[in-house]
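Some notes on the structure that comes next.
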Amino acid sequence: MNLYALYGFFAKKCPVKTGISGLRLNLYLILSLNFLLFFSCDYFPRQPKHLDKFDPVRPEMVLIEGGEFTMGSKEGQKYEKAHKVSVSSFYLGKYEVTVGEFKRFVLKTGYKTSADKTGWSNVYNGKAVKRMGGANFEFDEHGVQRLPSEYHYPVIHVSWEDAVAYCKWLSKATGADYHLPTEAQWEYAASLRGQVSTFPWGDELPPNQRVANFSDKSAKAAWECAWAEADYDDGYAYIAPADSFPPNALGLYNMQGNVWEYCADWYDRAYYQEGRERNPHNVKQKLKDGTTRVVRGGSWYEGLDAMRVSHRNRRLPSKSSNIVGFRLARRKGTI
Ligand SMILES: [Ca+2]
Ligand SMILES: [Ca+2]
């Protein structure tokens, strides 16, 4: 029952005698109800409908059963040295975190991202990647503000620090323990629990199959990408929605390509090779390599080599760009 209906109910139950005083009382009642209605709307705003559609408070997670695997690669770069690692069971986000999910966090908390604080982020302007003033998580890779109908795209223009802030907020809001995956967790899941060593789809690209979003024929046609894979067409010259492409054999979407994904570790060449064997997680910052955080998986902007499950890269923790996003992990045993 709304406030006007409530007024009608009392007016019927407690009729006021006709005359000037009765009319004045009615006028006072209507004005008071308008006042209450105005402030009740202001204090209890309705959730925009598009957010309800795209951002479940509890994101879809996939249970990754723990085990042992060979992290790194014998054929890869020298800082990808193959070594044995064991990983406990954990949950990993089914999708890259979306614009809609991140917007909910910003609306609820008033959080200012690194891009908001510095006043810019990197965008692609059709010729090169350049700084753009005012670009933040609501913008696409070209620097155009996303429409609500595009909130299912992975969020970009967020820093590692922003991603961690999101994890902390979601953990507090739900009582579960959300965090960024460690580098070992990420590679364990990308390699299908150690079953593959090069790509999740095998050593070669399957003919006529769209397996991941990276630099392909579409990129070559749209932005003359010099490193595009000449015989592969995934249909996306730029970023694809977070639920596009078939999932890998563990049920995870876009682990390879689309946007790079922040990991919890500091980047450190030595730790990757010499860190502890069980659940490695590099939490110590060293000046030599430790000024950057690990990113994994490659993006729409990279070539095929970045799709290798052991491929490593890094980013400064307070910088954002149009090619890096993130995916959540959750400890098994938490809600
Ligand atoms: Ca592509
Ligand atoms: Ca990805």
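Values quoted throughout were computed directly from the atomic coordinates according to the rules given, and no laboratory measurement underlies them. Note that the coordinates shown come from a computational prediction; the quantities given were computed from them, not determined experimentally. For neighbour counting, all protein chains shown are included, and Cβ atoms are generated from backbone atoms with ideal geometry for every residue, glycine included.
Out of 172, 220, which single residue is among the basic types (Lys, Arg), more than 20 Å from residue 264 (Cβ to Cβ) and assigned to a helix (DSSP H, G or I)?
The unique qualifying residue is 220.
Filter region 101-131 for residues that are among the hydrophobic types (A, V, I, L, M, F, W, C) and either outside any helix (DSSP H, G or I) or more than 17 Å from the chain's Cα centre (by Cα) (or both) and give the result.
Result: 120, 123, 128, 129.
Just need a number here: residues in region 245-302 that are part of a strand (DSSP E or B), near ligand 2 (Cβ under 10 Å from one of its atoms) and among the aliphatic types (A, V, I, L, M). Give the steps one after another, and end with the answer.
Quick first cut of region 245-302, residues part of a strand (DSSP E or B) only: 257, 260-266, 278, 293-296.
Within this subset, residues satisfying the condition of being near ligand 2 (Cβ under 10 Å from one of its atoms) are 257, 260-261, 295-296.
Subset that is among the aliphatic types (A, V, I, L, M): 295.
Number of matching residues: 1.
Which of the numbered conditions does residue 310 fail, given that it passes all the others? Conditions: (1) small (Gly, Ala, Ser); (2) within 20 Å of residue 129 (Cβ to Cβ); (3) within 16 Å of ligand 2 (Cβ to nearest atom).
(2)
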